[in-house]
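Notes follow the structure.
The values are calculated or read from the model by the stated rules, or taken from the named source; none is laboratory data. Because the structure is a prediction, the values reported are computed rather than measured. Cβ sites come from the backbone with ideal geometry, for glycine too, and all protein chains shown count toward neighbours.
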Amino acid sequence: MAQPLCRLYLITPPALPDLVGFAGLMQSALSGGDVAAVQLRLKEQPYEAVGAAVAALKPLVHAAGAALILNDRPDWADALDCDGVHIGQSDADYDEARRIMGESGIVGVTCHDSRHLAMEAAEAGADYVAFGAFYETATKETSHRPDPSILTIWQETMQTPCVAIGGITLETARGLASAGADFIAVSSAVWSHPDGPAAAVEAFNAEIALGLEDRARLASEASGD
């Protein structure tokens, strides 16, 4: 059986006052190793600012073979020709997001610490579910703290990919990959890395690889191989 994969999922800062400068940081990050997706998370920003960010970043993201996902607004994601949208429990509901994005668009759903919400989203057809925040994060206020075991249970029982999100650092990425995350979502730990975003992405991919080795070893021990 093929070893399960876990990949990096980048999230932008909530504001990009220097878009040209950030585009350089993004290009650097994407040069550091495997990145599955980039979520443009510009909450409270007007459509014009979001559109300018999409125009600047989408070519870089696509050149790296990653998907560009917009946070919260399926209508904007569709209008700006993004690859997908990520919706929270208080944003557009899944059916509306899917109607807008079409069958080919990516729709991911925040499910906090609830397997019930995740199962509902998966059964409706979500492309991925996101659990978190696993750790305290400066990116947003959070009130849910799932245990990493939720990833293990999900991996063992469901086919829909799961994303681990919230305050994840180089010190915690390996454990979440080992627990069963299909994607590790990271924001400030990449953009504020002292050696730059390329070094951060390289380091995160190394930790994810170690986590996958741990996962395979634990699975082998559990099966008695």
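Observations
- Failed item, numbered, when THR157 is tested on (1) under 19 Å from ALA185 (Cα atoms); (2) loosely packed, with under 14 Cβ neighbours inside 10 Å: (1)
- Any helices (runs of 4 or more DSSP H) falling wholly within the stretch 138-225 and containing at least 1 residues that are under 22 Å from PHE22 (Cβ atoms): 170-179, 188-191, 197-223
- Consider the stretch 78-114 and keep the residues that are acidic (Asp, Glu) and in a helix (DSSP H, G or I). The one that is nearest to the chain's Cα centre (by Cα) is ASP78.
Results for (1) farther than 22 Å from GLY196 by Cβ; (2) modelled with pLDDT under 95; (3) touching a helix residue (DSSP H, G or I) at 6+ places or on another chain (Cβ under 6 Å), shown as yes or no for each residue.
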position	(1), (2), (3)
PRO4	yes, yes, no
TYR9	no, no, no
GLY21	no, no, no
SER31	no, no, yes
ALA66	no, no, no
GLY84	yes, no, no
ALA97	yes, no, yes
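- The stretch 198-217: number of residues that are touching a helix residue (DSSP H, G or I) at 6+ places or on another chain (Cβ under 7 Å), of a type outside the set (D, E, K, R) and more than 15 Å from SER28 (Cβ to Cβ): 4
- Hey, LEU42 under 14 Å from the mean Cα position of the chain (by Cα) and over 26 Å from ASP147 (Cα atoms) or not: no
- Qualifying residue in the stretch 1-17 (condition: polar (S, T, N, Q) and surrounded by fewer than 17 Cβ atoms within 10 Å (Cβ to Cβ)): yes
- Some residue of the stretch 115-131 being in a loop (DSSP other than H, G, I, E, B), of a type in the set (Asp, Glu) and closer than 24 Å to LEU30 by Cα: yes
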